[in-house]
Amino acid sequence: MNRETGGNAGPAGPLVMKFGGTSVAEADKLRRVAQLVDAGRECGVLVVLSALAGVTDALLGAGRKAAAGDGAAALADLDAIIERHRTVAADLCGPGVPASIERDLAAAVAELGDLLRGASLLGEMPARSLDVLAGRGELLSSAILADFTGATFVDARTVLRTDSRFGQARPCRDATRRLAQERLVPLLGPGAVVVTQGFIGADEAGVPTTLGRGGSDYSASLLGAAVDAREIQIWTDVAGVLTCDPGIVKAARPVPVLGYDEAAELAAFGAKVLHPATILPAIERGIPVTVRNSLSPEGSFTTISREAASGLPVTAIASRGPVTVVTVRTPRMLGGTGFLARIFEVFSRHGVSVDLVATSEVGVSATVDGAVDLSALSSELEAFAELRIERGRAVIALVGESLRRTRGVPARALTALRDTNVEMISMGSNEINLSLVVEAAEAREAMIRLHAAFFENGGAAGDDGDPADANAVAANGGGMR
Ligand code: ADP
Ligand code: ASP
Ligand code: MG
């Protein structure tokens with residue numbers, strides 16, 4: 001049963017608790033989520049939920065099969081997805097599946113079934129339909145949790161306003177804030193729990209959109225900023241932000257505190273634990289973001305805030321790839337002016353966003369996303385310069401708040417990579433990241449070596465060579481500021 005609580009959010013605002021797919025994979029995990037939410041409800045809680053683990057992939061997979069003309073396989077996938085939710089709902093809310101959830105599931109079968117049949121006839125799935133399909137996982141998981149906990153269910157599409165770039169929608173911040181103040185804040189008094197969805201929104205005409213893969217973190221911070229939350233909690237399956245992707249480096253260890261800039265940089269450079277855009281809305285309102293482990297809620301976690309800069313030269317290492325290195329050379333750059341502007345104007349006109357840049361007297365190299373089609377850009381650049389395109393590269397970023405002020409970090413990094421071909425080096429203009437471009441096939445080994453050099457066996461995250469010191473600095477909330 002839904003419970004609506006009157007009154008405004010208190011001066012310190014409600015708590016936003018976002019649970020990723022890994023935290024809501026099955027009924028037992030949803031039970032834990034309910035306990036965690038209950039423990040936080042004193043402040044009023046806005047739960048931002050992802051789809052059950054793997055459901056977004058499965059929905060998109062069904063969409064691909066339909067677009068390839070295999071309607072029967074797509075519908076069989078949809079059946080399996082619905083059945084999984086039925087099992088979870090019965091296990092959690094049973095005996096049997098609650099009538100309201102049965103209705104939601106039947107509506108999903110009808111609507112998504114029509115979409116898949118239509119796509120299979122057409123031989124394509126329009127981006128707009130794909131967003132309706134991809135976003136259904138969040139609506140179903142959150143309906144089940146709301147039913148189980150008795151919390152108020154709010155459809156995020158009535159609050160999170162976006163533009164109409166289906167699959168990668170951008171939020172309309174002012175409209176979202178207005179809608180959240182109007183529709184969420186009055187429900188979020190002390191003791192209240194509201195359950196809504198990550199990842200999904202709607203454009204001005206009410207057409208459903210999604211924020212891009214992994215977008216639930218972004219939803220949490222957008223909604224957190226819009227309701228003036230006291231804290232945005234990102235609950236996942238690891239003990240916060242770690243020094244490296246634990247899938248690459250087993251010895252990766254938790255980072256207790258991170259500055260906003262450090263976290264934003266790590267997310268932008270591929271630390272999957274946070275969607276790249278998550279930090280910005282929190283910065284704007286000065287809201288702390290914590291990254292916590294739903295499998296071990298009492299364990300260590302990461303606090304990201306303005307005050308919490310790590311003070312470390314290297315706080316963590318991230319990598320992103322594949323990227324493509326585009327090198328444009330022309331002798332006319334020598335002593336001339338305006339060539340860089342001309343070159344980047346071509347990138348901009350073709351909508352190709354540039355990441356790292358390195359220049360020489362006669363040329364410039366830039367990295368771009370490996371998935372971007374460069375054919376039109378290439379023919380235009382080739383008309384006035386020599387062009388080299390190198391695919392299959394990766395960017396590795398060392399991120400640390402005092403990186404620029406600490407001697408020896410690049411030397412230590414390059415020593416660790418003495419057997420790796422480092423093709424580009426760039427010190428970020430914000431002075432907290434040192435980025436290296438290597439062959440994508442070598443990136444994993446390079447990360448392992450860098451992690452060992454900076455975080456293991458006497459490898460120094462601090463500048464005096466003792467990693468234990470680095471943790472001590474971090475635990476003190478960043479002593480170098
Ligand atoms: P969720 O379903 O909670 O959104 P994600 O899979 O999107 O979870 O993100 C959590 C995962 O991110 C972790 O399980 C881990 O494998 C990966 N990851 C990559 N880099 C890092 C990092 N630096 N710190 C923590 N986790 C990382
Ligand atoms: N369910 C969406 C995805 O898998 C969004 C998210 O979980 O963050 O990409
Ligand atoms: Mg995620």
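Quick notes on this structure:
- Among (1) within 14 Å of ligand 2 (Cβ to nearest atom); (2) surrounded by fewer than 24 Cβ atoms within 10 Å (Cβ to Cβ), the one test that Phe199 misses: (2)
- Any hit, region 156-165, residues being surrounded by fewer than 22 Cβ atoms within 10 Å (Cβ to Cβ) and within 16 Å of ligand 3 (Cβ to nearest atom): no
- In region 48-69, residue nearest to Val193 (Cα to Cα) [restricted to those that are within 14 Å of ligand 2 (Cβ to nearest atom) and not small (Gly, Ala, Ser)]: Val48
Conditions tested, residue by residue: (1) in a helix (DSSP H, G or I); (2) at pLDDT 95 or above.
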| site | (1), (2) |
| --- | --- |
| Phe384 | no, no |
| Ile396 | no, yes |
| Arg407 | no, no |
| Ala413 | yes, yes |
| Ala441 | yes, yes |
| Ala446 | yes, yes |
| Ala453 | yes, yes |
| Ala461 | no, no |
| Val473 | yes, no |
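- The set of residues in region 179-214 being closer than 15 Å to Leu133 by Cα, within 16 Å of ligand 1 (Cβ to nearest atom) and in a loop (DSSP other than H, G, I, E, B) consists of Gly198, Phe199, Leu211, Gly212, Arg213.
- Candidates are the residues of region 274-286 that are aliphatic (A, V, I, L, M) and surrounded by 24 or more Cβ atoms within 10 Å (Cβ to Cβ); the one that is farthest from ligand 3 (Cβ to nearest atom) is Ala282.
- Glu42 within 22 Å of Leu133 (Cα to Cα), more than 15 Å from ligand 3 (Cβ to nearest atom) and of a type in the set (D, E, K, R): no
- The single condition from (1) under 30 Å from Ala440 (Cα atoms); (2) buried (at least 16 other Cβ atoms within 10 Å of the Cβ) that Ala308 fails is (1).
- Residue check for Arg165: in a loop (DSSP other than H, G, I, E, B), within 16 Å of ligand 1 (Cβ to nearest atom), touching a residue at least 12 places away in the same chain (Cβ under 8 Å) and of a type outside the set (Phe, Trp, Tyr): no
For every residue, the table says whether it meets (1) polar (S, T, N, Q); (2) surrounded by fewer than 24 Cβ atoms within 10 Å (Cβ to Cβ); (3) closer than 22 Å to Lys65 by Cβ.
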{"residue": "Ser142", "(1), (2), (3)": "yes, no, no"}
{"residue": "Phe148", "(1), (2), (3)": "no, yes, no"}
{"residue": "Ala151", "(1), (2), (3)": "no, no, no"}
{"residue": "Thr210", "(1), (2), (3)": "yes, no, yes"}
{"residue": "Leu222", "(1), (2), (3)": "no, no, no"}
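- Close pairs (7 angstrom Cβ cut-off, 6 or more residues apart or separate chains): of a type in the set (Phe, Trp, Tyr) in region 19-37, surrounded by fewer than 23 Cβ atoms within 10 Å (Cβ to Cβ) and not in a helix (DSSP H, G or I) anywhere: Phe19/Ser294
- Options Gly201, Gly259, Gly270, Gly206: the member that is more than 16 Å from ligand 3 (Cβ to nearest atom) and at pLDDT below 95: Gly259
- Residue check for Phe344: among the aromatic types (Phe, Trp, Tyr) and in contact (Cβ under 8 Å) with a residue 24 or more places away in the chain: no
- Pairs, first modelled with pLDDT of 95 or more in region 174-196, second among the basic types (Lys, Arg) and surrounded by fewer than 23 Cβ atoms within 10 Å (Cβ to Cβ), C-beta under 6 Å, six or more apart: Gly191/Arg41; Val193/Arg41
- Residue match in region 239-262 (condition: more than 13 Å from ligand 1 (Cβ to nearest atom), over 25 Å from Arg161 (Cα atoms) and part of a helix (DSSP H, G or I)): yes
- Being crowded, with 22+ Cβ neighbours inside 10 Å and among the β-branched types (Val, Ile, Thr) is a property that does not hold for Thr324.
- Residue within region 242-254 that is within 23 Å of Gly400 (Cα to Cα), touching a Gly at 6+ places or on another chain (Cβ under 8 Å), more than 16 Å from ligand 3 (Cβ to nearest atom) and in contact (Cβ under 8 Å) with a residue 12 or more places away in the chain present: yes
- Some residue of region 230-237 being away from ligand 2 (no atom under 16 Å from the Cβ) and of a type in the set (A, V, I, L, M, F, W, C): no
The values are calculated or read from the model by the stated rules, or taken from the named source; none is laboratory data. Just so it is clear, the structure is predicted and the values come from calculations on it, not from any experiment. Every residue, glycine as well, gets a Cβ built from its backbone with ideal geometry; the counts of neighbours run over all protein chains shown.
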